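K.L.:
Got a structure here, written out as structure tokens. Questions coming.
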Amino acid sequence: MQVHLYDTAAQVGQAAAVIIGAQLIGKPASVLGLATGSTPIPTYRELARLHAQGVVDFSSAVSFNLDEYCRLPVGHPCSYHHFMQAELFNHVNLSPRNTHVPDGNAPDLAAECARYDAAIQQAGGIDLQLLGIGRNGHIGFNEPSDQFVYGCHVVRLTQSTIEANRRFFESEADVPREAVSLGVGSIMNARRVLLLATGHDKAEVVRKAIREDIDPATQASILRTHPNVIFLLDRAAASRL
């Protein structure tokens, strides 16, 4: 495990973009695992800038997103389909046929989870998985639990996650209560994992993930067993290490 510290969240985003850009330069047909939320936005904006300057080419790349809310229309401004279009896909030359986000509106969500895992396997597996970390230690939407779930699955969101995501919706009642998420096993199967954490509100969970026992109560703690994981932290997020 590598841990790199930066003064600001913007620098974390720039560093992550450099790593992702280098991945694409070294392997243009890379399979990227992508995350949503506020933390990766600086990374996506820097990748868009590098693409506009002709430095990074996404034309042969494939992407799979970590998760999506259940029963939220794809066109809803808070859906992760919409987020990815607005923050990255509209600004780079990733082919729409090569971008994948779980279908949280599938009539059979269990079948959708199995299909999504199979699609990743058919693509050759994820080369680089980008992650954020929730205030309760979740990665993807793998919430605190007494176990690690291997494959893609439907998750009942915890109250802390609902409250954290409330700021994106008109009211707490509008926040979906379930999501489709890659499982921890799916994440751990990625050849390289890049976790970003910024801000003082992530300091305690970063400490737990890095310093305390590996425990499904802090799902991100399992990443310490991955052979190629990099934590990129600003000094606020690292302040309790």
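The values are calculated or read from the model by the stated rules, or taken from the named source; none is laboratory data. Bear in mind that the values here come from a model prediction, so they are computed numbers and not experimental data. All Cβ positions, glycine included, derive from the backbone under ideal geometry; neighbour counts span all protein chains shown. Only protein heavy atoms, including side chains, enter the accessible area calculation; ligands, DNA and RNA are left aside. Shrake-Rupley method; radii C 1.70, N 1.55, O 1.52, S 1.80 Å.
K.L.:
Just name the residue that is farthest from His226 (Cα to Cα) out of those in the range 138-153 that are over 13 Å from the mean Cα position of the chain (by Cα) and either crowded, with 18+ Cβ neighbours inside 10 Å or among the basic types (Lys, Arg) (or both).
P.N.:
Filtering the range 138-153 for residues that are over 13 Å from the mean Cα position of the chain (by Cα) and either crowded, with 18+ Cβ neighbours inside 10 Å or among the basic types (Lys, Arg) (or both), the one farthest from His226 (Cα to Cα) comes out as His153.
K.L.:
Determine whether Tyr69 is touching a Cys at 6+ places or on another chain (Cβ under 9 Å) and either at pLDDT 95 or above or open to solvent by less than 10 Å² (accessible area, probe 1.4 Å) (or both).
P.N.:
Values: touching a Cys at 6+ places or on another chain (Cβ under 9 Å): yes; either at pLDDT 95 or above or open to solvent by less than 10 Å² (accessible area, probe 1.4 Å) (or both): yes.
Judged against the criteria, Tyr69 is a match.
K.L.:
Between Asp108, Asp103, Asp117, which is among the acidic types (Asp, Glu) and open to solvent by less than 50 Å² (accessible area, probe 1.4 Å)? Spell out the reasoning first.
P.N.:
Values: Asp108 fails: open to solvent by less than 50 Å² (accessible area, probe 1.4 Å); Asp103 fails: open to solvent by less than 50 Å² (accessible area, probe 1.4 Å).
Result of the check over Asp108, Asp103, Asp117: Asp117.
K.L.:
I'd like to know if the range 176-184 contains one or more residues that are under 30 Å from Asp7 (Cβ atoms), of a type in the set (S, T, N, Q) and open to solvent by less than 10 Å² (accessible area, probe 1.4 Å). Walk me through how you get there before you give the answer.
P.N.:
Looking only at the range 176-184, we keep the residues that are under 30 Å from Asp7 (Cβ atoms), and these are none.
Scanning the range 176-184, I find no residue that is under 30 Å from Asp7 (Cβ atoms), of a type in the set (S, T, N, Q) and open to solvent by less than 10 Å² (accessible area, probe 1.4 Å), so the answer is no.
K.L.:
Something else: Would you tally the residues in the range 159-193 being under 25 Å from Ala114 (Cα atoms) and among the polar types (S, T, N, Q)?
P.N.:
Going through the range 159-193 one residue at a time, the tally reaches 4.
K.L.:
Would you be able to tell me the number of residues in the range 25-73 that are part of a helix (DSSP H, G or I), small (Gly, Ala, Ser), touching a residue at least 12 places away in the same chain (Cβ under 8 Å) and over 25 Å from Gly140 (Cα atoms)? Even if it seems obvious, please write down each step before you answer.
P.N.:
The initial filter retains those residues of the range 25-73 that are part of a helix (DSSP H, G or I), namely 25-26, 41-52.
Add one more test, that the residue is small (Gly, Ala, Ser), and what stays is 26, 48, 52.
Right, trim to touching a residue at least 12 places away in the same chain (Cβ under 8 Å) and you get 48, 52.
From what is left, the residues that are over 25 Å from Gly140 (Cα atoms) are 52.
Matching residues across the range 25-73 total 1.
K.L.:
Looking at (1) touching a helix residue (DSSP H, G or I) at 6+ places or on another chain (Cβ under 6 Å); (2) open to solvent by 20 Å² or more (accessible area, probe 1.4 Å), which one does Ser59 not meet, given that it meets all the others?
P.N.:
Condition (1) is where Ser59 drops out.
K.L.:
What is the one condition in (1) closer than 27 Å to Ser221 by Cβ; (2) at pLDDT 95 or above; (3) under 17 Å from the mean Cα position of the chain (by Cα) that Gly37 does not satisfy?
P.N.:
Here Gly37 clears every test but (2).
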